[in-house]
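**Student:** One structure is given below, represented as structure tokens, and several questions about it will come after.
The values are calculated or read from the model by the stated rules, or taken from the named source; none is laboratory data. This is a predicted model, so every value here is computed, not measured. Here the Cβ positions follow ideal geometry from the backbone for every residue, glycine too, while neighbour counts run over all protein chains shown. Protein only, heavy atoms only, side chains kept; ligands, DNA and RNA dropped before computing areas. Shrake-Rupley method; radii C 1.70, N 1.55, O 1.52, S 1.80 Å.
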Amino acid sequence: MSDQKHWSAEPYELLRVQPGFRLSEQRTDGTPGFDGDKKSGEKALARGGERLADLQEQLFACGREGEPRSVLLVLQAMDTAGKGGIVSHVIGAMNPGGVHYAGFGKPTPEELAHDFLWRVWREVPAAGQVGVFDRSHYEDVLIGRVRELASAEELERRYGAINAFEKELAQSGTAVIKVMLHLGKDEQKKRLASRLERPDKYWKFNPADVDERLRWDAYQEAYQVVFDRTDSAYAPWFVVPADHKWYARIAVQQLLIHALEGLDLEWPQPDYDVEEQRRRLEQS
């Protein structure tokens, strides 16, 4: 772990979906492994941001030299859980030139004319990149199940296709990290209400979010099926308590740092004589 201060345990292990995991038993307001408060969490985020940026630069440099590896962060959550804050405060610490962001919304007519993974394949990170999926291919099994937009047989096919897709990514050198930001229903209500109290936040409120709240339990069940069917050693799921935005941010940051450190990358060696180039530069 890059920053031991206030962390009593490795979040990678604490937040990892394990055999027998039940989403219904998980707290949404906890701070697993972190014994500090919001202020110390914000300081930890700043310190971790420096480490994350360094690791990303190393990954990018290696990618430029032909190293095939990359990292993909998949973010899934109910509305207002804080995906945007993760992108701004965690991903934002990295050089945007080495980040590939993809936000998946409602499929376009062109996308609907293809298999559901067609548009996803087009957004996978290239060598040396950190990819971020803000929502992802999991929308096609979550919404498909809850709204009954796909048959049981089609949903089963999609779970299998997702596993094959993620396995292929892993085998090609992409470290896949899948995060569900676990928000409490009462906390979501507060966050939605706050958007209706400020004119500068009206644009963020979508009446459809209230409709989705009416399906809350169905979505929780759909997420449980996703964990049961698509958690794997090559593409693990992590459930991050999201009632405290500051904790969710440092937890996801640590998961990314863990993944990047696990690549065991080394800085590329120059294909020129360093001392010779120093002399040339001094004489120029």
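**Student:** Can you give me the distance in nm between label points at Ala233 and Ser88, each placed 7 Å from the Cα along the Cα-to-Cβ direction?
**Tutor:** Placing both labels 7 Å beyond Cα along the Cβ direction yields 4.0 nm.
**Student:** Sticking with this structure for a sec: Carbon-plus-sulfur fraction of the accessible area of the range 26-129, 1.4 Å probe, in percent? Before the final figure, lay out each step's value.
**Tutor:** Values: 2500 of 5120 Å².
Carbon with sulfur: 49 percent of the solvent-accessible area.
**Student:** Zone of Ser8 (label point 7 Å along Cα→Cβ, backbone N under 13 Å): which residues in the range 19-51?
**Tutor:** Under 13 Å, as judged by backbone N against the label point of Ser8, lie 31-37 of the range 19-51.
**Student:** Follow-up. Mean-square fluctuation check for the chain, GNM, Cα pairs under 10 Å: which of Arg198, Arg157, Arg229 is largest?
**Tutor:** Arg198
**Student:** Where is the GNM fluctuation largest for the chain (alpha-carbon springs, 10 angstrom cutoff): Leu192, Leu183, Leu75?
**Tutor:** Of Leu192, Leu183, Leu75, the most mobile in the Gaussian network model is Leu192.
**Student:** Can you give me the angle between helix 274-283 and the longest principal axis of the chain, using Cα atoms only, in degrees from 0 to 90, rounded to the nearest 10?
**Tutor:** Relative to the chain, helix 274-283 is tipped by roughly 70 degrees.
**Student:** Tell me, how many Å apart are the Cα centres for the range 218-254 and for the range 145-184?
**Tutor:** 13
**Student:** Using a 1.4 angstrom probe and counting only protein chains, how large is the accessible area of Ile250 in Å², to 10?
**Tutor:** Answer for Ile250: close to 0 Å² accessible.
**Student:** With every protein chain left in place, what is the accessible area of Ser172 in Å² (1.4 Å probe, nearest 10)?
**Tutor:** For Ser172, the solvent-accessible surface is approximately 70 Å².
**Student:** So for Thr108, Thr174, what's the accessible-area order with a 1.4 Å probe, most first? List each step's numbers first, then the result.
**Tutor:** On the way: Thr108 60, Thr174 10 Å².
Result of the area sort, largest leading: Thr108, Thr174.
**Student:** Using the scaling law 2.2 N^0.38 Å as the reference, what is the normalised Cα Rg of the range 45-108?
**Tutor:** 1.28
**Student:** Just Asp186, Asp228, Asp29 to compare: in a GNM of the chain, with alpha carbon springs under 10 Å, which one fluctuates most?
**Tutor:** Most flexible of the set in this elastic network: Asp186.
**Student:** I would also like to ask the following. As a quick test, which of the pairs Lys38/Lys189; Lys43/Lys204; Lys106/Lys245 have an alpha carbon distance above 24 angstrom in this structure?
**Tutor:** Cα-Cα > 24 Å for Lys43/Lys204; Lys106/Lys245; rest within.
**Student:** Another one. Rank these residues by their accessible area, most exposed first, probe 1.4 Å: Arg279, Arg51, Arg158. Don't jump to the answer; show the numbers that get you there.
**Tutor:** Working: Arg279 125, Arg51 90, Arg158 40 Å².
Listed by decreasing accessible area, they come as Arg279, Arg51, Arg158.
**Student:** Only loop residues by DSSP count here, and only those with at most 14 other Cβ atoms within 10 Å; note down the GluC sites (Glu not before Pro) in the range 78-185 that meet that.
**Tutor:** Working: sites: Glu110, Glu111, Glu123, Glu139, Glu148, Glu153, Glu154, Glu156, Glu166, Glu168; in loops: Glu123, Glu148.
Filter output for the range 78-185: Glu148.
**Student:** I would also like to ask the following. Given axes a ≥ b ≥ c from the Cα gyration tensor, I'd like to know whether the range 1-142 is rounded (a/c under 1.5), prolate (a/b larger than b/c) or oblate. Write out the running numbers ahead of the final one.
**Tutor:** On the way: a/c = 2.00, a/b = 1.22, b/c = 1.65.
Here the range 1-142 falls in the oblate category.
**Student:** What does the accessible area per residue of the chain come to in Å², with a 1.4 Å probe and no ligands, DNA or RNA counted? List each step's numbers first, then the result.
**Tutor:** On the way: 14700 Å² over 284 residues.
That works out to 52 Å² for each residue.
**Student:** Out of the total accessible area of the range 131-284 (probe 1.4 Å, heavy atoms of protein only), what percent is carbon and sulfur?
**Tutor:** Values: 3760 of 8000 Å².
Looking at the range 131-284 in its full context, I get 47 percent from C and S.
**Student:** For the range 18-158, with only Lys/Arg (+1) and Asp/Glu (-1) charged at the beta-carbon, what is the dipole magnitude about the Cα centre, in debye rounded to 20? Don't jump to the answer; show the numbers that get you there.
**Tutor:** On the way: 18 positive and 22 negative charges, 57 e Å.
My answer is approximately 280 debye.
**Student:** What does the accessible area of Arg213 come to, in Å² to the nearest 10, when a probe of 1.4 Å is used?
**Tutor:** Surface open to solvent at Arg213 totals about 40 Å².
**Student:** Roughly what % of DSSP beta bridges within the chain run antiparallel, to the nearest 5?
**Tutor:** Working: 2 of 25 bridges.
Within the chain, antiparallel bridges account for around 10 percent of the total.
**Student:** Could I ask something else about it? Leaving ligands and nucleic acids out of the surface, order Thr28, Thr230 by accessible area at 1.4 Å, largest first. Mind dumping the intermediate values first?
**Tutor:** Working: Thr28 25, Thr230 0 Å².
Largest to smallest exposure gives the sequence Thr28, Thr230.
**Student:** Next question. Please give the FRET efficiency for Glu148 paired with Leu281, using the beta carbon to beta carbon distance and R0 = 51 Å, rounded to the nearest 0.05.
**Tutor:** Details: r = 67 Å, r/R0 = 1.31.
Using R0 = 51 Å, I get an efficiency of 0.15.
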